[in-house]
Number of protein chains: 2
Amino acid sequence: MKQPQNDGRRRVVIEGVSPEIDAGRFPIKRTVGDKVHVEADIFTDGHDSVAAVLAYRPESSKTCIERPMRALVNDRWAVDFLVTQLGRYRYTIHAWVDHWVTWRQDLLKRIQANSDTTLDYLIGAELIDHAAERAEGSDADWLRKQAALLRAENGSMESLREVATGAALSDLMDRHPDRQFETKLDRELVIVVDPVRARFSSWYELFPRSTSPEPGKHGTLNDCEARLPYIADMGFNVVYLPPVHPIGRKFRKGKNNSVTAEPDDVGSPWAIGSEEGGHKSVLPALGTIEDFRCFVKRASDLGLQVAIDIAFQVAPDHPYVKEHEEWFRKRPDGTIQYAENPPKKYQDIYPFDFENPNWFELWQELKSVFTFWIDQGVRIFRVDNPHTKAFPFWEWCITEIKNRWPEALFLSEAFTRPKIMYRLAKLGFSQSYTYFPWRNAKYELTQYLTQLTTTPVREFFRPNQWPNTPDILTEFLQIGSGSAFMVRFLLAATLGANYGIYGPAFELLQSRPVRPGSEEYLDSEKYQVRHWDLERSDNLRDLIALVNRIRNENPALQTDWSLEFHPVNNEQIICYSKHTDNPSNLIVVVVNLDPHHTQAGIVELPLDKWRIDEDHPYQANDLLTGARYVWSGRRNYVELNPASVPAHILLIRRRLRVESDFEYFL
Amino acid sequence: MKQPQNDGRRRVVIEGVSPEIDAGRFPIKRTVGDKVHVEADIFTDGHDSVAAVLAYRPESSKTCIERPMRALVNDRWAVDFLVTQLGRYRYTIHAWVDHWVTWRQDLLKRIQANSDTTLDYLIGAELIDHAAERAEGSDADWLRKQAALLRAENGSMESLREVATGAALSDLMDRHPDRQFETKLDRELVIVVDPVRARFSSWYELFPRSTSPEPGKHGTLNDCEARLPYIADMGFNVVYLPPVHPIGRKFRKGKNNSVTAEPDDVGSPWAIGSEEGGHKSVLPALGTIEDFRCFVKRASDLGLQVAIDIAFQVAPDHPYVKEHEEWFRKRPDGTIQYAENPPKKYQDIYPFDFENPNWFELWQELKSVFTFWIDQGVRIFRVDNPHTKAFPFWEWCITEIKNRWPEALFLSEAFTRPKIMYRLAKLGFSQSYTYFPWRNAKYELTQYLTQLTTTPVREFFRPNQWPNTPDILTEFLQIGSGSAFMVRFLLAATLGANYGIYGPAFELLQSRPVRPGSEEYLDSEKYQVRHWDLERSDNLRDLIALVNRIRNENPALQTDWSLEFHPVNNEQIICYSKHTDNPSNLIVVVVNLDPHHTQAGIVELPLDKWRIDEDHPYQANDLLTGARYVWSGRRNYVELNPASVPAHILLIRRRLRVESDFEYFL
């Protein structure tokens, strides 16, 4: 009979590892400086003691760092470690039966029962001698000396006990454990460590062509550069541009998406490519590649990272169509298949055929689009409709790019079915748009955000919350007036450590759809140049600037993982908190979801969890208005008028000091 | 740049497969004739249609059987198939983009919008021609003819539509799909198919040495054989014997586990081995191997399968100790380490050392113990304390044995921490003892049984519910009188499709512990011969026989997977149901958990789920008493007196017939 390959003496079981995505098929995600909390079920047969370590390393390093795991309860073990550098890490778990600890614990019981014998100490001496063989130098010498003491025939029971149970011996034995039969988890798990911007970002999207100071004139990248201080002053840290490439002329769409364009219509930036170039060119009306590089440089000087739109589709006059006919699906009449959603036809757009025989050439070319823009200084990519391109491409492409540029970030614009959105995140997208635009009621927001921030989904899917986009003018914004914009902005910016707005349409309260029932903007910038009057008195810029400042100053708002919802006895008022560890920074947000009426209610906070004394008043300082409330106990009254500011962003401070807190009291 | 190994054109994703234990690391379990319901998340990029099949085969067969999966909702797909033979099966999933179905669905939309063109039909003709290449004979000819019809220049739009959307064409195209870029799940999942007895069994445990008709005399296997009709008459189908091997003499335990034995003390059957032999011998006082074979034969004639106890430990005088000193741990003084749980010492027992260098020889010898008894006709093994032997041994040993004897069953006697119990089940044990003996309150029973029967645990862990064992005389039985025995028996036999009792101690209501606070029986058969008066009038044999008959006649009680608890407005009354598919056999059980007082309450049943009309009376026939109740609506009154029978086992029948149900009404 053949002996099993694996040594049957490896008696420890390691299972139920967390975090782990699809049994290790996909990495988990963290940002630089984050803590990784790993747990596993670890146990062995019988009553022997077990020891376990987590072994981790940056992927580039051959050497593992080991951290001892600690037993929690019910055979669950845990350990925390920090990831301090960009790129991929790997971690795994080793565990073994610890005969020394078993012996020592048994000995302590024997001593307690006064039933220890010299034979027991001889067994201990053997274990110590074996450890001495694994140790070196003075450690080994010292251990051998202890073993000899336990074997000394003239030793008293008292002295044997003292030697055997000493803390120094215990420490040294722990440092030289017998791991010959250790069990290793059968796989290494991967962590992708991104820059902090992956976890905490404030995006501002705008169309460069609408930035000319002169109404009716096509804006340029230089005009857009002049807009950057306005954006930076509002406190954003990512400025995102729709495609800046040449726009197709064949089947170009006119204003408000009309099928026939007028000669002076500028077309949709997502109909990419013309005789002027494709995905690696800049539309001449916007400027040159050099202008683009200047734009990136100026943004960087203002603390803004530039994100660009990557839309893998072409207009019929894109150079690819001539140069790489084989990348597109041909119809029996020899024409190329345009995009369709029958009976709708999108004749201005050709999709790539990811099943074409030269698929890998196509993959390489598409990857080179990213690297081209990386060479121009871009590190953040908002990817248009990634769910209409083959999934294996994304995993390959993003992994390849991040191996070289681990600071690169990818935002997935897939407003589609949940499992597809999650799959794209697993494949490597750093952030994802969400269903947030359509979650308006308290129950909806609570359910959805709880799923995103407290379940294993959060290990791979980072939400980026947008109240509007050029494609999404929600009904809530259409019918809710300026208060509705404030409500949705405040929710996005406090529920989402990552959030963004499409401006100036947002801060200028654009709420008219192209027709009733549509989520498309009237006179959408997608099809025409717009001129925006930023000096209007109802511009929300001040509120936005204030909230972004609050976000920048309060680390609690820079993560989604601590999000917790709290009861309010009014369905129109939502209350939630975010906090850092301990909690050293604790923010409670209260929002009136009703843009039309003042709402009031009692919020109920988990003071015990936050270690706030229920019996003493504490401070709730509204960072939006500067108002300072003195609250006491779990339940406190709130009232919010949508006509002024429909929310509180409360910084919770420790209890008010009383006389006995002061020196002169004593 | 190197092309990825996997063809990037495999666009379909398969994930979230269920059932699947630890990402396929362990098999799921079924019994012959069972249905396997498999689900998975299956989707692709874009809007193309997807098709999927489940491919399964008995492990011995090279050829897979394919069953098409059907889409449920939210990208979840499902399929059922039957496992009809003993042994291991394997299953996996293949899925692909179905361009034909995509084309056909798009065409139907175009036709509806009256926007179909001849070009659309030419595309269809291409797809059909490709299918013809994959088909043969008349199928291929017919497909080519259809393609030609779609290309016919003189065809009317009407005839094109008719050809393209015809059901016959659709059927034939489905039979010849284009699977060149199909995705295969990256693993085969395993099913262990056991005999039905693994799912449905009624165990009776007894000590053969207590079966002599003559008080004070050591019973033999022949005496035990004479007891078999008594057991068969009660309706059991497994008779389980504690170890029948020679019993060690060194450090033998006396009556009531006293440390010193009297010369005539018989010792514990679990202290295995003496000069008379070891694990492959029969204690001479019980008889011979031939007697044992006769016993198995006679049991079989009565419809009883014999289960024996396998306890892998030895008495100090077991032949292994001399022959294989290296299998045991030596102490520094040269003696062998006996079992301990400091400060307790079990000097009559030597455990095997699973870390010894000859571990694989030990494994092989232990396996040969099973095969020895298989050669004597045994197929069911109750394994003593498997959690104190190395886990890798069990997986290897059980797999080896079941590969040759797939009908073999293993019951794990591990009353230990939950994750260890589950691990043993994953490793191969067919059934497991549970915490049932200590679950008394309605909340406890509901929580525990719901976890065992409705979560993924049920895929690998089959509970076997015992109200008592030779080691476990629960406090509930000690303080509850005869009613307590009835309550616990009725719960075990109706909550557990697998259950057992240790008799005659159980049916003779033995309730005295060796001392207060202990769960050990006074004068336990583990240490002495007992004589039982089976003719006592309070023997529960009639109730037991009735309940086993009800179990045998009602398939609803032969599975745990349909178990559901129902509300009762009295914490002392528990109500639950089990049913077969449809449900064709539907049993509702109501038990008074209070052994001292009559309890009454209103039970609430999910009539809608069972498709019972709420507006018509229906029958609830008590199979225990023969009483026939007419119930109506969801809520009905029950009242149970523990002094008579503390439970209803109700067979629910369709509604009472009314005048219009009869022929003469019309």
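Every read-out reported here was derived from the displayed coordinates using simple, explicitly stated rules and does not represent laboratory data. Everything numeric here is computed off the predicted structure, so don't read it as measured data. Cβ atoms come from the backbone with ideal geometry, glycine included; neighbour counts cover every protein chain shown.
Label-point distances for residue A:138 to the equivalent site in the other copies, using a point 7 angstrom along Cα→C-beta, read 9.4 nm when ranked shortest first.
A cut-off under 13 angstrom between Cβ atoms defines the neighbours of residue B:639, and their net charge, with Lys, Arg +1 and Asp, Glu -1, is -2. Ratio of Rg to Rh for the protein assembly as shown: 1.02 [Cα atoms; Kirkwood radius as inverse mean 1/r over pairs].
Quick one: work out the % antiparallel among DSSP beta bridges in chain A, nearest 5. The antiparallel fraction comes to roughly 70 percent.
Note on region B:214-308: the C-alpha convex hull projects to 6.6 nm² when averaged across all orientations. Could you tell me which of rounded, prolate or oblate describes region B:549-591, using a ≥ b ≥ c as the square roots of the eigenvalues of the alpha-carbon gyration tensor, with rounded for a/c under 1.5 and, failing that, prolate when a/b is larger than b/c and oblate otherwise? Prolate shape, in that a/c is at least 1.5 and a/b is the bigger ratio. Residue order for A:473, B:593, fewest other beta carbons within 10 angstrom first, comes to B:593, A:473. Compactness check for region B:231-370: Cα Rg over 2.2 N^0.38 Å is 1.17. Residues B:521, B:637, arranged from fewest to most other Cβ atoms within 10 angstrom of their Cβ, appear as B:637, B:521. Mean per-residue shielding of peptide B:8-16 is 6, counting Cβ atoms of other chains within 10 Å of each Cβ. Compute the Cα gyration tensor for region B:247-292, then decide on rounded, prolate or oblate, letting a ≥ b ≥ c be the square roots of its eigenvalues: rounded whenever a/c is under 1.5, prolate when a/b is larger than b/c in the other cases, and oblate in all that remain. Because a/c hits 1.5 or more and a/b exceeds b/c, region B:247-292 counts as prolate. What's the FRET efficiency of residue A:632 with residue B:72 using the Cβ-Cβ distance as r and R₀ = 41 Å, to the nearest 0.05? Approximately 0.20, to the nearest 0.05.
For the peptides B:359-370, A:157-168, residues were scored by their other Cβ atoms within 10 Å and the scores averaged per peptide; the highest-first order is B:359-370, A:157-168.
Computed over chain B, the Cα gyration tensor eigenvalues convert (square root of 5λ each) into semi-axes of 57, 35, 20 Å, ordered from largest to smallest.
Peptides B:215-221, A:420-426, A:456-462 ranked from most to least packed, by the mean per-residue count of other Cβ atoms within 10 Å: A:420-426, A:456-462, B:215-221.
Ordering A:18, A:102, A:446 by Cα displacement along the dipole of chain A toward the positive end leaves A:446 in first place; charges were set at the Cβ atoms of Lys, Arg (+1) and Asp, Glu (-1). Working note: Karplus 6.51/-1.76/1.60 with θ = phi - 60° gives region B:247-255 the couplings 10, x, 9, 5, 6, 4, 7, x, 4 Hz, where Gly and Pro are set to x.
Across region B:564-665, Cα-Cα pairs farther apart than 15 Å form 62% of the total.
Averaged over the residues of B:382-391, the number of partner chain Cβ atoms lying within 10 Å of the residue Cβ comes to 3.
In terms of overall dimensions, the C-alpha atoms belonging to region B:1-91 reach 48, 34, 26 Å along their principal axes, ordered largest to smallest.
Taking only alpha carbon atoms, region A:444-534 gives an Rg to Rh ratio of 1.02, where Rh is the Kirkwood radius. For region A:402-469, the percent of C-alpha pairs falling in each 5 Å distance bin, counted from 0 to the bin holding the largest distance, reads 3, 17, 26, 26, 16, 8, 3, 1, 0. When the Cα gyration tensor is reduced to axis lengths a ≥ b ≥ c, the ratio a/c is 1.5 or higher for region B:201-260, and with a/b above b/c it is classed as prolate.
Across region B:70-79, computed HN-Hα scalar couplings (Karplus, 6.51 cos²θ - 1.76 cosθ + 1.60, θ = phi - 60°) run 10, 6, 9, 8, 6, 6, 8, 10, 8, 7 Hz from first to last residue, x flagging Gly and Pro. Taken over the alpha carbons of region A:32-181 as equal point scatterers, the Debye sum produces base-10 log I(q)/I(0) values at 0.14, 0.15 Å⁻¹ of -0.78, -0.86.
Between residue A:37 and residue A:639, what length in nm is gained on full extension when 0.36 nm per residue of separation is reduced by their alpha carbon distance?
My answer for the length gained is 212.8 nm.
Kirkwood radius and radius of gyration were both taken over the C-alpha atoms of region A:352-450, and their ratio Rg/Rh is 1.04.
Per-residue Cβ neighbour counts within 10 Å put A:227, A:88 in the sequence A:88, A:227, beginning with the fewest. Each peptide in B:238-246, A:579-587 receives the mean, over its residues, of other Cβ atoms within 10 Å, and ordering these scores from highest gives B:238-246, A:579-587.
Between copies, residue B:65 shows label-point distances of 5.5 nm, shortest first, with the point placed 7 angstrom from Cα along Cα to C-beta. If amide hydrogens are placed 1.01 Å from N in the peptide plane, which non-local residues have theirs closer than 5 Å to the one on residue A:465? Here the answer is A:498, A:499, A:500, since their amide H atoms fall under 5 Å of that of residue A:465. Centroid-to-centroid, using Cα positions, region B:141-190 and region A:568-604 are 58 Å apart. The orientation-averaged projected area of the convex hull spanned by the Cα atoms of region B:100-175 comes to 4.4 nm².
Charged neighbours of residue A:45, selected by a Cβ distance under 9 Å, balance to +1 (K, R count +1; D, E count -1). Here the protein assembly as shown is treated with +1 on each Lys and Arg Cβ and -1 on each Asp and Glu Cβ, and its dipole about the Cα centre works out to around 120 debye. Legend: distances between Cα atoms for A:609/B:442; A:322/A:389; A:35/A:442; A:255/A:419; A:29/A:578; pairs beyond 27 Å are A:609/B:442; A:35/A:442; A:255/A:419. Working note: Debye formula, equal point scatterers on the alpha-carbon atoms of region B:345-392, no solvent; log10 I(q)/I(0) at q = 0.16, 0.18, 0.32 Å⁻¹ is -0.58, -0.72, -1.20.
Averaging Cα coordinates gives a centre for region A:514-546 and one for region A:338-359; these two points are 32 Å apart. Applying a DSSP loop filter and a limit of 16 other Cβ atoms within 10 Å to the GluC sites (Glu not before Pro) in region B:577-666 leaves B:614. Would you grab the residues whose amide H sits under 5 Å from the one on residue A:573? Only those 5+ places off in sequence or on another chain, please, with H modelled 1.01 Å from N. For residue A:573, whose amide H was placed from the backbone, the distant partners under 5 Å are A:593. What the phi angles of region A:588-596 give under the Karplus curve with 6.51, -1.76 and 1.60, with θ = phi - 60°, is a coupling list of 10, 10, 10, 10, 8, 7, 8, x, 9 Hz, glycine and proline written as x.
Counting, for every residue in A:338-344, the Cβ atoms of other protein chains within 10 Å of its Cβ and taking the mean gives 5.
Rounded to the nearest 5, what % of the DSSP beta bridges within the protein assembly as shown are antiparallel ones?
Counting only bridges with both partners in the protein assembly as shown, antiparallel ones make up about 70 percent.
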